[in-house]
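Presented below is the structure to which this report refers.
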Amino acid sequence: MTVTATLDGLIVSDLKINGGRPVIAGTATSVRAIASLYKLGLTPEEITGELPLSLTQVYAALTYYHMYTEEVEADLEANSEERLMARYGNSINDPNSPLR
């Protein structure tokens, strides 16, 4: 399996982790998760208070986000609540659903 490292190894993409989505190295925290918090208005410092990450890791994820905005935004859109509701309907709220 090929592992691709970027930003001096701070961000990696590995098909075994989050389906190959870029994550912070040594964690399962995706760039998408950091971008989502950032877009909600959290500062990098606030993000480190929400997740067990260093400021360096958060800035690496944000750098990746700004370098590859179109890719990350497409991933965010594909997994938005509206998109998931349209695809799966109320079954995502059903505790007996196989989606849970």
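Of the helices (runs of 4 or more DSSP H) that lie entirely inside region 5-83, not one contains 2 or more residues that are surrounded by fewer than 16 Cβ atoms within 10 Å (Cβ to Cβ) and of a type in the set (Lys, Arg). When residues in region 13-42 are screened for being out of contact with any helix residue (DSSP H, G or I) (no Cβ under 9 Å at 6 or more places or on another chain) and either among the charged types (D, E, K, R) or within 16 Å of TYR59 (Cβ to Cβ) (or both), 1 of them pass. Could you look through region 1-40, keep only residues that are of a type in the set (S, T, N, Q) and more than 15 Å from ALA78 (Cβ to Cβ), and pick out the one that is modelled with the lowest pLDDT? Filtering first and then ranking leaves THR6. If you filter region 84-98 down to residues that are surrounded by fewer than 11 Cβ atoms within 10 Å (Cβ to Cβ) and not in a helix (DSSP H, G or I), you find that the one that is modelled with the lowest pLDDT is PRO98.
Pairs meeting the criteria (first residue in region 10-31 and of a type in the set (Ser, Thr, Tyr), second residue assigned to a loop (DSSP other than H, G, I, E, B), beta carbons under 6 Å, at least 6 apart or on different chains) are SER13/PRO22; SER30/ARG21.
The values are calculated or read from the model by the stated rules, or taken from the named source; none is laboratory data. Keep in mind that what you see is a predicted model, and the values were worked out from it rather than measured. In this analysis, Cβ positions are derived from the backbone assuming ideal geometry, glycine residues included, and neighbour counts consider all displayed protein chains.
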